[in-house]
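Beneath this line is the structure, given in structure tokens, with notes to follow.
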Amino acid sequence: MINLIIVEPHHHVLEHIHYTLRQQARKIKDGSSLKWSLLHWDSHPDLACPNEGIPALACFLPRKTWLREEKESVQEEEEEEEESLAMQHVQEKNLYDLLDTSEGGIAEWILPLVLAGGLNRMIWMKNSWCSQFSNGRHSFHVGIAMHDGSENKVETFLDLPESAIVKSSFSHPYYLDDKSFERLENLQLPQELELLVLETTHLLSTEDREEYPEQVLKKCHPEQGLVNPTDWMLDVCLDYFVCSNPFLDELNAINTSVSQNFKIALTETIFRIEIDCSGTLDVHQASAYSKSLEEFNLTVHTLLNKLIGAPDRDYTKGLDVVSVQDEISTLEGFYGDTSYGRCYWTNVIESLDEVCRKDVSTVQPLILAMSKAVENISLPYFVTQEDIHRDQSALPQYVQEKIQSFGHCLRQKSWLKKELDFNEHPLLITIARSSDDGYTPSWVVERLQDAVLNEIHDAYCGCVCRESDKCEIRITLDYGLNEGSSLERLRF
């Protein structure tokens, strides 16, 4: 029997994976630790380091609680005008709770498994338009950075202070962007991860033969240092099939012209274009990239703050363009040609100024949405206007084709067994809907979920078994009214 869990936010699969790992560990008689692989179908790699508010120790002790202060907005009834006050509340939170309250929690759940869960290989099945990591094999370490000034070597996780946090040794923009890169020699308790990045086009020929390009076959096998595990789990995010960017959606919903101009201005910088994301940056390149990114984002936020002005700002008189000339001049230097930079930001300002003339009520919400999108504008996005306005009673044709390719890959046992050295069946199957956070469009999620389940059933127990007592898959729903259901509580 294969357990299949369906959750809403992706990080909710972590508790179910931990339970499955504990069950598997009990079966190991020689005292060795379980090593396993993750087959991850997603538009996002979800390999972010847990934020600095999550202790590294929580990865080893996920149910241990930590005291955290939270602000709660309340209304002061005695005031004539309602006034929002920030009240401090101290709460106890374990790893799962901390991920719930983390802004990036949906992308921070995998590395704890590398650090403390035996995961040493991940195959990320991505779309061609997902550029976070290039196709091929990458190898790096996940470890612990000490922020208490201690230089003593840590022997076990029990020696870790609460201030220790998770970092990656991969000097790649993915980690440089959120300042989570640390050199390997500075990491404590480092664990190696082999990351293999593939697309279904690498696995399926036009004639659907079970043949694969030679270069892909080579990438499936570690060069050295890692032992191919045979245990594995299958993880699917529904945004693999239809992917939205909630930050871009918010901008588009207010004004598409501003959104398009702003995206161009943010993504055409020379420091991004010059970086070859297929390789690791050296120390000097990593430092230069981080410095440019930090200065650029800070300047953009300063420009937006000046444009939004005071809460009672009268936008009917237009934007205060003069006040941001210094910022525009600074931003020009981040492009290959300064004239391009001035053109990009002139387009942004002019499109915003047009909003002031046509719909002044949207100016402030629009600039606030732009500020939230600065660090997230380049997230994957593949939803066409035709999709949004089409008859939504059926899945778009390109989505149906992707679902069929997904199912075909699962049924092709040769690449799973021979090339990846996987057991015939996964230890666990997890599906993340990712609709509440805006990455899977709500109009498609239910039909998409049913279609993906059909392919999984067809791959592992025959296409008609869902209505049979011979079904090999046991489904647990952990979302909506059923949120909180778990394998452990159900004794599976």
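Residue-by-condition table, conditions (1) in contact with a strand residue (DSSP E or B) (Cβ under 9 Å, 6 or more places away or on another chain); (2) more than 21 Å from CYS59 (Cβ to Cβ); (3) modelled with pLDDT of 90 or more:
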site: LYS126; (1), (2), (3): yes, yes, yes
site: SER131; (1), (2), (3): no, yes, no
site: VAL142; (1), (2), (3): yes, no, yes
site: VAL154; (1), (2), (3): yes, no, no
site: ALA164; (1), (2), (3): yes, no, yes
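When the range 87-107 is limited to residues that are of a type in the set (S, T, N, Q) and in a strand (DSSP E or B), the one that is modelled with the lowest pLDDT turns out to be GLN88. Within the range 340-364, the set of residues being more than 19 Å from VAL324 (Cα to Cα) and modelled with pLDDT of 90 or more comprises just one member, THR362. Looking at the structure I just gave you, is TRP415 modelled with pLDDT of 90 or more and among the aromatic types (Phe, Trp, Tyr)? Against the criterion (modelled with pLDDT of 90 or more and among the aromatic types (Phe, Trp, Tyr)), TRP415 does not qualify.
Within the range 420-427, one or more residues are of a type in the set (A, V, I, L, M), under 30 Å from GLN23 (Cα atoms) and touching a strand residue (DSSP E or B) at 6+ places or on another chain (Cβ under 6 Å). Can you find even one residue in the range 422-441 that is open to solvent by 80 Å² or more (accessible area, probe 1.4 Å) and over 26 Å from LYS35 (Cα atoms)? Yes; the residues of the range 422-441 include at least one that is open to solvent by 80 Å² or more (accessible area, probe 1.4 Å) and over 26 Å from LYS35 (Cα atoms). The helices (runs of 4 or more DSSP H) located wholly in the range 280-396 that include 1 or more residues which are surrounded by 14 or more Cβ atoms within 10 Å (Cβ to Cβ) and without any contact (Cβ under 8 Å) to a residue 60 or more places away in the chain occupy 283-308, 325-332, 338-358, 363-373. What are the residues in the range 90-132 that are buried (at least 20 other Cβ atoms within 10 Å of the Cβ), touching a helix residue (DSSP H, G or I) at 6+ places or on another chain (Cβ under 7 Å) and among the aromatic types (Phe, Trp, Tyr), if any? TRP109, the sole residue that qualifies. Of all the listed residues (SER323, SER329, SER257, SER290), the sole one being hydroxyl-bearing (Ser, Thr, Tyr) and touching a strand residue (DSSP E or B) at 6+ places or on another chain (Cβ under 9 Å) is SER290. Would you please name the residue that is surrounded by the fewest Cβ atoms within 10 Å (Cβ to Cβ), looking only at residues in the range 38-78 that are outside any loop (DSSP other than H, G, I, E, B) and at pLDDT 95 or above? By that ranking, first place goes to PHE60.
Within the range 16-37, the residues that satisfy the criterion of being open to solvent by less than 50 Å² (accessible area, probe 1.4 Å) and not β-branched (Val, Ile, Thr) are HIS16, HIS18, TYR19, LEU21, GLN24, LEU34, TRP36, SER37.
Scanning the range 252-269 for residues that are open to solvent by 50 Å² or more (accessible area, probe 1.4 Å) and either at pLDDT below 90 or assigned to a loop (DSSP other than H, G, I, E, B) (or both) turns up just one, GLU268.
The values are calculated or read from the model by the stated rules, or taken from the named source; none is laboratory data. What you are looking at is a predicted structure, and each value in this text was computed from that prediction instead of being measured. Reconstructed Cβ throughout: ideal geometry from the backbone, glycine too, with neighbour counts over all protein chains shown. Ligands, DNA and RNA are excluded from the accessible area calculation, which covers all protein heavy atoms including side chains. Shrake-Rupley method; radii C 1.70, N 1.55, O 1.52, S 1.80 Å.
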